[in-house]
Amino acid sequence: MDKRIGHAGLASRVMTAAQAAELIDPGMTIGMSGFTGAGYPKAVPKALADRMMATQGHGDPFRVRVLTGASTAPELDGALARADGIDMRLPYQSDPELRARINRGEMDYLDIHLSHVAQYAWFGFFGKLDLAVIEATAILPDGSLLPSSSVGNNKTWLDLADKVIIEVNHWQPLEMDGMHDIYYGTALPPHRRPIPLIKPDDRIGEPYLRCDPDKVIAVVETHAPDRNSAFAPIDETSKRIAGHLIEFFRHEIAKGRLSPQLLPLQSGVGNIANAVLAGLQEGGFSGLTAYTEVIQDCMLDLLANGVVSVASATSFSLSPVGIERFLADIEFFRKRIILRTQEISNHPELVRRLGCIAMNGMVEADIYGNVNSTHVAGTSIINGIGGSGDFARNGFLSCFLTPSTAKNGAISCLVPMVSHVDHTEHDVSVLVTEQGLADLRGLSPRQRAKVVIEHCAHPTYRPLLQDYFERALHSSRGKHTPHLLAEALAWHERFLETGDMRPK
Ligand code: 0RQ
């Protein structure tokens, strides 16, 4: 292995993952690195899970509380969930095993805004942080860390934790040196000062994470890739969604409400977000900027051909092909990508001031524009709110995207009333499906219902929504947001009973 541990004292603390896991006690609260499958520790959580299973075999429960940046990977969330080793997990997750346990009520999950996590930890809202387990690309001679492919909450975990375990991952390219911008100017109220970031490419911090060597109890060396999930090929539905949104941007430019460079783009996770970015590429745009959370494959293309000049984020989320692309041209990308802490990448005040255009996926929206990003039928979580709320409430435009139906048409993603609310009608300006785009700005609830039904609903469900709305207009006691309360969630109930929202 190449020499990546420049600090002599820390070089003497190198051990195996199993030895490091022996230093972790049941009941600990642990802050781990990791954001959308990048930069998470790859060896210690797995070794901890093995240890948990061994002790549980003897009848001793061994669980810890796990705080991260966002979603991680099977080696972390999956392994610990399988070992029944997580007492409480926050924030965003996307692991199937973890999701199943959460939805069976076997563990607690706190789904909170990504921008809130670091400050809540500083406020003491999560109790004491016992340990940080952080992946780094290298340890520098002064003990500071060259971050890896995500920054997330690593600064906060390193600052707050009593003890630290560092995984030095030799797979992470040393050439990332200079891409990170770690801001150390945050403070607690009432001593906070304005954050001096004016443009998406401003650098306001330091390239390395500070780390007190005296707190480091173990260093583990790994050589393992990030999760690097492949993207599905962009399908026709996603293309049509992207097309409607891009046509809307052109309309806004023509109206003089947006410049040809738009405003800093934020795009969420998943294939539709990727399709929208691809659509921008074909749309003849140039000189755009991104102030977002994750760098996906399509963002590399946009940077490479100058459609986007600079992208600020907190993490990568690349496919294996995307990784190769990034590594092949890392010198180029290093000058154009900045990775920040997630309290800065998702900071509500910065999102508001920069005027971000927020584009996020959703599970369902209702006719009045309330959006559910997280739950199936009101009770089962899918992933979590992630950063969508940070950007949706504060963005210049807040766009939510989804196919009009799910599960081969058995579910309408436009419903009379959402079964769970993540983004209220006040935070949503644009809804887009493959059917069309509903511009909700400046409309009252009744006006919104008309455009949502007309522009976004699938033809199968459009008359059903129209019928509900008309009967609600007639019979609802209050006429501001007309509803038939006994019937508002009947579509979800029908789906749970028959597997289909369509009436027989
Ligand atoms: O389930 O895979 O079992 O078929 O939900 O749906 O259409 O594949 O869409 O991958 O874009 O995810 C909202 C989950 C959309 C995502 C969500 C089912 C559907 C499928 C996924 P299957 P698709 P996507 C930045 C911003 C919150 C966090 C966020 C998300 C599965 O965008 O997690 O925005 N957002 N973060 O079949 C029941 C419905 C459904 C439904 C879809 N109405 N009812 N199931 N599905 N609609 C990033 C971060 O913050 C880190």
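What follows draws every value from the coordinates through simple rules; no lab data is involved. The structure presented is a predicted model; accordingly, all values stated were derived computationally and were not measured. Neighbour counts are summed over all protein chains in view; Cβ atoms, including those assigned to glycine, are modelled from backbone coordinates with ideal geometry.
General observations
- Sorting D201, D214, D390 by the number of Cβ atoms found within 10 Å of their own Cβ, with the fewest placed first, yields D214, D201, D390.
- Against the chain, whose longest principal axis comes from its Cα atoms, helix 44-57 is set at around 90 degrees.
- Along its three principal directions, the equivalent ellipsoid of the chain from the Cα gyration tensor extends over semi-axes of 40, 27, 19 Å, largest first.
- Nearest-ten-degree value, helix 114-123 long axis tilted from longest Cα axis of the chain: 50 degrees
- With 0.36 nm allotted per residue and the present C-alpha distance subtracted, the E487-E236 stretch has 87.0 nm of extension available.
- Residue order, fewest to most beta carbons within 10 Å, for C456, C413: C413, C456
- Pairs from the table (K255/K407; K128/K199; K199/K407; K42/K155; K3/K163) lying more than 30 angstrom apart at Cα are K255/K407; K128/K199; K199/K407.
- Placing pseudo-labels 7 Å out from each Cα toward the beta carbon at S319 and Q447 gives an inter-label distance of 4.2 nm.
- Long-range HN-HN contacts of T36 with modeled amide H, under 5 Å: A70, S71
- Degrees between helix 462-475 axis and first principal axis of the chain (Cα, 0 to 90, nearest 10): 70 degrees
- Each residue in M176, M107, M299 was given a count of other beta-carbon atoms within 10 angstrom of its own, and listing them fewest first yields M107, M176, M299.
- Placed amide H near H375: partners under 5 Å, 5+ positions off or other chain: I382
- Using the empirical formula 2.2 N^0.38 Å as the baseline, the Cα radius of gyration of the range 8-222 reaches a ratio of 0.99.
- Per-residue 3J(HN,Hα) values for the range 93-99, derived from phi via the Karplus relation 6.51 cos²θ - 1.76 cosθ + 1.60 with θ = phi - 60°, read 9, 8, 7, x, 5, 5, 4 Hz in sequence order (x marks Gly and Pro).
- For the range 284-295, 3J(HN,Hα) computed residue by residue from phi via the Karplus equation (6.51, -1.76, 1.60; θ = phi - 60°) reads x, 7, 8, x, 6, 10, 10, 10, 9, 9, 10, 9 Hz, glycine and proline entered as x.
- Each helix, a run of at least 4 DSSP H residues, gives -39500 (n - 2.57); summed and divided by the residues of the chain, these come to -8500 deg cm²/dmol at 222 nm.
- Taking GluC sites (Glu not before Pro) across the range 53-109, the ones in a DSSP loop with at most 14 further Cβ atoms lying within 10 angstrom of their Cβ are E106.
- Centre separation in Å (Cα based) which lies between the range 405-422 and the range 442-504: 11 Å
- Those aspartates and glutamates that a straight Cα-Cα span of less than 19 Å connects to K215, excepting residues fewer than 8 apart in one chain: E22, D25, D130, E135, D142, D159, D162, E167
- Take the Cα of D329, step 7 Å toward its Cβ, do the same at K407, and the gap between the two points is 4.2 nm.
- Under 12 Å of direct C-alpha separation, and excluding same-chain neighbours fewer than eight residues apart, K450 reaches these aspartates and glutamates: D366, D439, D467, E470.
- Taken about its Cα centre, the chain carries a charge dipole of about 1160 debye when Lys and Arg each add +1 at the Cβ and Asp and Glu each add -1 at the Cβ.
- Once both labels are positioned 7 Å from their Cα atoms along Cα-to-Cβ, the gap between T379 and H426 label points is 3.0 nm.
- Part-to-part distance (alpha-carbon centres) for the range 337-387 and the range 140-175, which is given in Å: 27 Å
- Estimated at 0.36 nm per residue, the fully extended path between H480 and E106 surpasses their Cα-Cα distance by 130.6 nm.
- Long-range HN-HN contacts of E364 with modeled amide H, under 5 Å: N372
- Calculated P(r) tail over 26 Å for the range 325-458, as whole % of Cα pairs: 30 percent
- Applying 0.36 nm per residue to the separation of N271 and R502 and subtracting their alpha-carbon distance, the gain on full extension is 80.5 nm.
- Of the Cα atoms belonging to the range 236-459, the radius of gyration and Dmax stand at 16.8, 53 Å.
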